[in-house]
Amino acid sequence: MYLLPVALSFTILSKRQILALLFIIYSLIIGLRHKVGADWNDYLEYYRSAELFDFLTYLTLNDPGYMFINWISYKIGGGIYLVNLICGLIFMYGLTRFCKLQPNPILAMLVLVPYVIIVVGMGYTRQSVALGLVFLSLSFLFQNRVLPAVLSLVLSIFFHKTAIFTFIFLFGLMNIRTAGILLIAVVSIIAIVLFNLFVLPHLEYFLHFYVIGKMHSEGGLIRALMNAVPSILFLIFRNRMSNNSVETKVMNIISILSIIFVPLAYMYSTVADRLGLYLTPIQAYVYSRLYFLFKYFHIKAMIFLWIFTLYLLVLLVWLNFGIRAVYWIPYKFGLPFMEGDS
């Protein structure tokens with residue numbers, strides 16, 4: 001999966017064709033996996049419980065967007081594989097559309113493979129869909145398409161309630177004008193309503209396990225640093241990385257938050273780790289641009305080699321030393337007609 005973007009770069013395919021091919025291949029790998037990911041059994045139980053509840057009650061068992069996809073799949077006999085395939089398609093569509101807007105889309109996608117696609121995409125199904133929708137929202141924001149950007153963020157909350165955190169990105173659109181004040185008011189109202197519907201009922205659980213209990217995430221600090229390094233590079237070179245004012249403002253917010261999350265990861269690693277997922281676009285954004293900041297070929301080659309080696313090491317270290325990596329190894333394909341989906 002990691003070498004695929006590089007290998008396809010040596011073919012006669014255009015960047016658009018390579019992205020389309022990666023979208024299809026990665027979506028299938030995510031969707032048709034079998035017993036891959038630490039939460040496989042938990043998600044399987046959500047699917048099987050569709051026979052025990054009526055539709056409305058079933059939606060309230062967990063994030064309603066994810067439960068709705070389970071309900072549809074159960075009713076048509078698609079199994080957990082159809083659920084994962086639909087979620088994988090949404091996830092990868094958001095990532096692909098975001099990468100497509102970058103000056104080096106293949107390098108942007110390469111950066112996302114080790115952690116975002118392999119770990120999150122094939123492990124945290126609900127949050128992966130939310131993350132994909134956040135990537136999609138950012139791609140709309142960069143094109144000054146505010147309404148679909150807001151709708152994408154709203155939809156992301158239906159798949160993982162922590163995605164309400166990403167509403168802070170919309171403040172990159174604000175300025176001291178009537179339109180800006182009106183947008184702040186509308187976004188604030190939407191955020192308050194969604195907070196009361198999806199977050200408040202689970203707030204006690206969240207505080208007890210993630211904050212008061214200080215649940216620990218192995219590698220949380222490393223992942224925070226993975227966002228912080230490109231964030232620092234962006235703050236240094238931002239005038240050369242983009243001439244889009246909205247884009248720059250939004251990435252400013254993400255960069256500052258990424259740096260703040262480093263000390264936060266010391267104290268509350270799981271909180272920083274879960275919310276830090278929504279800051280990972282900074283990695284694809286910066287590294288796909290860093291390559292073009294220098295005009296000499298040998299410097300470009302060194303930068304590409306550094307990025308490629310860095311993320312290869314990230315993948316290899318996680319596969320060999322990650323405590324939960326055993327749930328991803330070996331990768332196995334599943335088929336929708338496999339008995340019991342177990």
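The values are calculated or read from the model by the stated rules, or taken from the named source; none is laboratory data. As the structure is a computational prediction, the values presented were derived from the model and not from experiment. Cβ sites come from the backbone with ideal geometry, for glycine too, and all protein chains shown count toward neighbours. For the accessible areas, the whole protein counts, side chains as well, though only heavy atoms, and no ligand, DNA or RNA atoms are used. Shrake-Rupley method; radii C 1.70, N 1.55, O 1.52, S 1.80 Å.
Quick notes on this one:
- Residue match in the stretch 282-305 (condition: in contact with a Lys or Arg (Cβ under 9 Å, 6 or more places away or on another chain), open to solvent by less than 60 Å² (accessible area, probe 1.4 Å) and closer than 12 Å to SER231 by Cβ): no
- Only one of the numbered conditions (1) over 26 Å from LEU151 (Cα atoms); (2) open to solvent by less than 20 Å² (accessible area, probe 1.4 Å); (3) not polar (S, T, N, Q) is not met by ASP54, and that is (2).
- Only one entry of VAL246, VAL229, VAL250, VAL271 meets the criterion of being touching a helix residue (DSSP H, G or I) at 6+ places or on another chain (Cβ under 9 Å) and without any contact (Cβ under 8 Å) to a residue 24 or more places away in the chain, and that entry is VAL229.
- In the stretch 8-33, the qualifying residues are those that are in a loop (DSSP other than H, G, I, E, B) and out of contact with any helix residue (DSSP H, G or I) (no Cβ under 8 Å at 6 or more places or on another chain), and the one that is surrounded by the most Cβ atoms within 10 Å (Cβ to Cβ) is SER14.
- Complete set of residues in the stretch 57-80 that are farther than 19 Å from THR162 by Cβ and open to solvent by 30 Å² or more (accessible area, probe 1.4 Å): THR57, TRP71, ILE72, TYR74, LYS75, ILE76, GLY77
- For the stretch 114-227, the helices (runs of 4 or more DSSP H) that sit wholly inside it and include 3 or more residues that are modelled with pLDDT of 90 or more are 125-142, 146-157.
- The residues of the stretch 237-265 that are within 18 Å of the chain's Cα centre (by Cα) and surrounded by 21 or more Cβ atoms within 10 Å (Cβ to Cβ), listed by number, are VAL250, MET251, ILE254, SER255, LEU257, SER258, PHE261.
- The listed residue being farther than 17 Å from SER255 by Cβ, out of contact with any Lys or Arg (no Cβ under 8 Å at 6 or more places or on another chain) and buried (at least 23 other Cβ atoms within 10 Å of the Cβ), out of LEU147, LEU153, LEU138: LEU153
- Look at the stretch 22-39: where a residue is among the aliphatic types (A, V, I, L, M) and a partner is at pLDDT 95 or above and part of a loop (DSSP other than H, G, I, E, B), sitting 6+ places away or on another chain with Cβ atoms under 6 Å, you get ILE30/GLY121; ILE30/MET122; VAL36/MET122.
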